Amino acid sequence: MEKVKTEGGIENENLFRALVTAPIAVFFVIIAVNSVTSSGLFLFKFIFVCMAIYFSLSTLAYAAFYSNDHQTEKADKIFNNKNFFNLVFTAPISLSLIIFTALSFSSNASLFFNIVFGALAFISCLYTIAYAAFYTNDCYEDNAEAH
């Protein structure tokens with residue numbers, strides 16, 4: 001795919017397609033899970049599962065095409081600093097794992113799930129804090145070189 005230059009918005013077509021198909025995939029997965037667990041016509045269950053699979057796989061494919069463009073440097077980097085990119089990537093994961101851990105503890109879930117969610121939340125929080133510290137160090141180094 002060619003690199004498209006625009007004044008604003010998303011410049012890479014594969015990234016744009018991945019971002020458009022991802023919410024549709026999530027929507028069809030939710031509908032497919034709901035239709036499979038409830039009673040209804042088999043035809044609709046089959047259609048919703050097929051649509052969920054199609055949009056999920058297309059989202060993954062477009063994300064893979066974008067990562068290939070990114071690796072071959074056909075696409076501009078959104079975040080020039082790798083530590084900042086890792087921070088932005090791990091922060092929502094860490095937050096969601098903290099929420100799952102809190103819900104797990106409050107709902108008196110199994111001890112196994114409490115331990116697993118707690119360990120994952122702890123590790124992801126440590127990663128997020130580490131990437132934030134690395135990014136801060138990079139910023140201080142850039143400011144020191146500029147002065």
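The values are calculated or read from the model by the stated rules, or taken from the named source; none is laboratory data. Please read all numbers here as calculations on a predicted model, not as lab measurements. Neighbour counts run over all protein chains shown; Cβ positions are idealised from the backbone, glycine included. Heads up: the accessible areas ignore ligands, DNA and RNA and are worked out on the full protein's heavy atoms, side chains in. Shrake-Rupley method; radii C 1.70, N 1.55, O 1.52, S 1.80 Å.
Some points to look at:
- Filter result for residue 24 (under 17 Å from the mean Cα position of the chain (by Cα), more than 30 Å from residue 138 (Cβ to Cβ) and open to solvent by 50 Å² or more (accessible area, probe 1.4 Å)): yes
- Unique match (being modelled with pLDDT of 85 or more, assigned to a helix (DSSP H, G or I), at negative phi and polar (S, T, N, Q)) among 67, 56, 104: 56
- Positions within the range 29-53 being under 20 Å from the mean Cα position of the chain (by Cα) and at pLDDT 90 or above, in sequence order: 52, 53
- Considering residues of the range 70-82 that are within 18 Å of residue 16 (Cβ to Cβ) and surrounded by 12 or more Cβ atoms within 10 Å (Cβ to Cβ) only, the residue modelled with the highest pLDDT: 70
- The listed residue being over 30 Å from residue 16 (Cβ atoms), outside any helix (DSSP H, G or I) and touching a helix residue (DSSP H, G or I) at 6+ places or on another chain (Cβ under 9 Å), out of 121, 109: 109
One line per residue, one yes/no per condition, for (1) within 30 Å of residue 136 (Cβ to Cβ); (2) open to solvent by 50 Å² or more (accessible area, probe 1.4 Å); (3) in a helix (DSSP H, G or I):
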{"position": "40", "(1), (2), (3)": "no, yes, no"}
{"position": "44", "(1), (2), (3)": "no, yes, yes"}
{"position": "48", "(1), (2), (3)": "no, yes, yes"}
{"position": "51", "(1), (2), (3)": "no, yes, yes"}
{"position": "84", "(1), (2), (3)": "yes, yes, yes"}
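Here's the yes/no breakdown for (1) within 26 Å of the chain's Cα centre (by Cα); (2) closer than 20 Å to residue 88 by Cα:
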site	(1), (2)
111	no, no
118	yes, no
134	yes, yes
142	no, yes
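- Any pair with Cβ under 6 angstrom, 6 or more apart, that starts in the range 126-147 at a residue that is hydrophobic (A, V, I, L, M, F, W, C) and outside any helix (DSSP H, G or I) and ends at one that is open to solvent by less than 90 Å² (accessible area, probe 1.4 Å) and at pLDDT below 80: none
- Taken together, the criteria place residue 90 among residues that are under 25 Å from residue 30 (Cα atoms), surrounded by 18 or more Cβ atoms within 10 Å (Cβ to Cβ) and under 14 Å from the mean Cα position of the chain (by Cα).
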